[in-house]
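Contents: one structure, followed by commentary.
No lab work stands behind these numbers, since they all come straight from the coordinates. Treat the numbers as computed from the prediction; the structure is a model and nothing was measured. We place every Cβ from the backbone using ideal geometry, glycine too, and count neighbours over all the protein chains shown.
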Amino acid sequence: MSINPDLQGRSYPAAEVYDVGREKIREFAKAVKAGNPAHFDVEAAKALGHSDLVAPPTFAIIVAQRADAQLVEDPESGIDFSRVVHADQRFTHHRPIVAGDQLVAELHVDGVRAMGGGAMITTRSEITTVSGEKVATTTSSILVRGEGQ
């Protein structure tokens, strides 16, 4: 199955709420070797003006990947995940992610470009709180390899 070129311009609505917890922040920070005390100690985070632990900037990928899953799992997309190579990821933060946030992400397919037998797909996730406050925008590009590549 080939990639559906009509994906460009498609949006997937915000779905499951992601509850940002202190332990999730600590575990992520440890995994990515982010050593800022504000990721581990509430008082250190508060001393910097945050209401609770603050997540490392790349923590937004957790919420964005949940949104990306809607595209990958869409039977109309033509995406075989076993053929996906992650090409690029960018983050724009509108405010820090902190413990206690309840986040959702709406996914937008901004580009589909044929490349040989495969395609490069660019998506954008708009991450907000459940009340609609902008938190982060992530842009991702994936290469879906064609058959025989």
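Things to note:
- Max mean-square fluctuation residue, GNM over the chain, Cα-Cα springs under 10 Å, options 68, 41, 101: 41
- Matching label, Cα Rg over 2.2 N^0.38 Å computed from the structure shown, candidates (i) 1.39; (ii) 2.08; (iii) 1.15: (iii)
- Placing a pseudo-label 7 Å from each Cα along the Cα-to-Cβ vector at residue 81 and residue 65 gives an inter-label distance of 1.0 nm.
- Here the chain is scanned for GluC sites (Glu not before Pro) in DSSP loops (not H, G, I, E, B) that have at most 14 other Cβ atoms within 10 Å, and the longest stretch holding none of them is 17-75.
- Per-peptide packing, taken as the mean over residues of other Cβ atoms within 10 Å, places 31-39, 82-90 in the sequence 31-39, 82-90 from highest down.
- For the chain, with +1 on Lys and Arg beta carbons and -1 on Asp and Glu, the positive-most of 87, 122, 12 along the dipole: 87
- On Cα atoms only, tilt of 22-31 relative to the major axis of the chain in degrees: 60
- Between the listed residues 75, 42, 132, the Cα displaced farthest toward the positive end of the dipole of the range 25-149, a dipole computed from Cβ unit charges relative to the Cα centre, is found at 42.
- Distant alpha-carbon pairs in the range 42-90 (separation over 13 angstrom), percent: 70
- Using alpha-carbon coordinates, inclination of helix 60-73 to the longest axis of the chain, degrees: 30
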